[in-house]
Amino acid sequence: MPINQPSNQIKLTNVSLVRLKKAKKRFEIACYKNKVLEWRSGIETDLDNVLQINSVFLNVSKGQTAPSADLAKAFGAKTSVNDIILEILNKGELQVGEKERHAQLERVHNEVVSIVASKLVDPKTKRVYTTGMIEKALDMLSSQGSQAQQEKSAGSGAGTPITGEEGEAKPKTKEHVWTGVVATKSAKSQALEAMKALIAHQPIPVARARMRLRITCPTSILKQAAKTAGPKAVGADAEDGEDKGKGTVKDRILSYIEQVETQDVVGSEWEVTGFVEPGAFKGLGDFIGGETKGQGRVEVLDMAVTHED
């Protein structure tokens, strides 16, 4: 016996919902899975490939379409259905199912681990770690970070502020804590957080892979005295009160370079190729730009130099 359904009800399954609340009403559109993010990132440009049906709903799961009066009240009488759909698609909240949420989290997690593995090396051998080793190290940090947060919340308000020798309160240093990947942040930003935490806590010996740069500077400037302060001295140099930045422009440039690969004079220009810590790159670029007044150049030959087996 055939079952008669109301003509305004449309049954849809296997969909991704985009929901927008406006004028005290909730409007929904039914889209194909994974197509909403592609549309918002500009990968997909054909609306027909995104929408399962070119209609606006009050409730997709019940197949209840939105009355024209509700659409006119919320979006304006002159706004077309196509424009309403575009507004919901671009501004609405994407409703993600449990399976899709898990798949998205797994994709972000794999991307974070891959980025971290390509940027960090063993400080002694300069070789990269496998993604499996990076994943285990991050898991260790994640469990430690969760435990530290629990202890912090349990003992909040009971501690005394840390003070220096003269009784003055010391400023709190930012702790790099890793608690795991989330789907709401970009993989790139989370990879940066993960690298900072790994370097700070060292569950395995890691360091940022060095950058390989080529620096070009007119020979006429090299012997001039450097005007700006040099990179901060560390360890024994700092204790002796030495300033790595004292001396000529050439001395200053070389003080930024951890390992010189080649240096030569070509015509009226001095050229040096070498390896630089990523943290020193900005300071070197600013120094070259300021001291040479735009005549010097810094070229990145390799963002992360690693040795692989």
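The values are calculated or read from the model by the stated rules, or taken from the named source; none is laboratory data. Computed from a prediction, not measured in an experiment: that's the story for all the values here. Ideal geometry is used to build each Cβ from the backbone, glycine not excepted, and the neighbour counts take in all protein chains shown. Please note that ligands, DNA and RNA were not included when accessible areas were found on the heavy atoms of the full protein model with its side chains. Shrake-Rupley method; radii C 1.70, N 1.55, O 1.52, S 1.80 Å.
Observations on the model:
- If you go through region 87-102 and pick out every residue that is assigned to a helix (DSSP H, G or I), of a type in the set (D, E, K, R) and open to solvent by 100 Å² or more (accessible area, probe 1.4 Å), you end up with 4.
- Scanning region 73-86 for residues that are over 25 Å from residue 37 (Cα atoms) and either at pLDDT 95 or above or loosely packed, with under 14 Cβ neighbours inside 10 Å (or both) yields a total of 3.
- Matching residues, region 46-58, being more than 10 Å from residue 30 (Cα to Cα) and more than 35 Å from the chain's Cα centre (by Cα): 58
- Check on residue 158, outside the structural domain of residue 262 (by the TED database) and at pLDDT 85 or above: no
- Comparison of 117, 137 shows that the only residue that is open to solvent by less than 50 Å² (accessible area, probe 1.4 Å), in contact with a Pro (Cβ under 9 Å, 6 or more places away or on another chain), assigned to a helix (DSSP H, G or I) and not assigned by the TED database to the domain that holds residue 279 is 137.
- Top-ranked residue of region 8-54 - restricted to ones that are outside any loop (DSSP other than H, G, I, E, B), polar (S, T, N, Q) and open to solvent by 30 Å² or more (accessible area, probe 1.4 Å), ranked as modelled with the lowest pLDDT: 9
- The residue that is farthest from residue 34 (Cα to Cα), counting only those in region 55-72 that are open to solvent by 70 Å² or more (accessible area, probe 1.4 Å) and among the hydroxyl-bearing types (Ser, Thr, Tyr), is 68.
- Unique match (being among the hydrophobic types (A, V, I, L, M, F, W, C), closer than 30 Å to residue 131 by Cβ, out of contact with any His (no Cβ under 9 Å at 6 or more places or on another chain) and touching a residue at least 12 places away in the same chain (Cβ under 8 Å)) among 108, 81: 108
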